[in-house]
Amino acid sequence: MSLEAVLVVAAALFAVGLYGAISQQVVVMVMMGLELMINAVILAAAGLWWFLAPSPDGHVLLLVVIAAMTVEMAMGFAVATLLHRSRGSDMTDMAADLKR
């Protein structure tokens, strides 16, 4: 597999995630689209580091980014669950009035 193939797959994954984030109104589906976009960026970065400088430094940084992304998504799902429990709906229109 070449670098071009990895970058094409990452671009396709980013495009699918962008479409999913823009076209959906349910908070969880928007978050899934954002997750796909972040995964595409991680895949592109991993591919670049693998083919250009195969030292393990870049891969350790990617593991840190994946761990931070996991925490971010867990907090997002907690907010979506709280929104659903308090309002009975998980649409993005209902999330606009969360500020106090």
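The values are calculated or read from the model by the stated rules, or taken from the named source; none is laboratory data. In this text, all values refer to a predicted model and were calculated from it rather than measured experimentally. Neighbour counts are summed over all protein chains in view; Cβ atoms, including those assigned to glycine, are modelled from backbone coordinates with ideal geometry. Surface areas here come from the heavy atoms of the whole protein model, side chains and all, with no ligands, DNA or RNA. Shrake-Rupley method; radii C 1.70, N 1.55, O 1.52, S 1.80 Å.
Selection of region 32-57 for residues being at pLDDT below 85 and either open to solvent by less than 60 Å² (accessible area, probe 1.4 Å) or hydroxyl-bearing (Ser, Thr, Tyr) (or both) yields 53, 55. Scanning region 30-61 for residues that are among the β-branched types (Val, Ile, Thr) and under 18 Å from residue 11 (Cβ atoms) yields a total of 3. The listed residues are 6, 60, and the only one of them that is within 18 Å of the chain's Cα centre (by Cα) and not charged (D, E, K, R) turns out to be 6.
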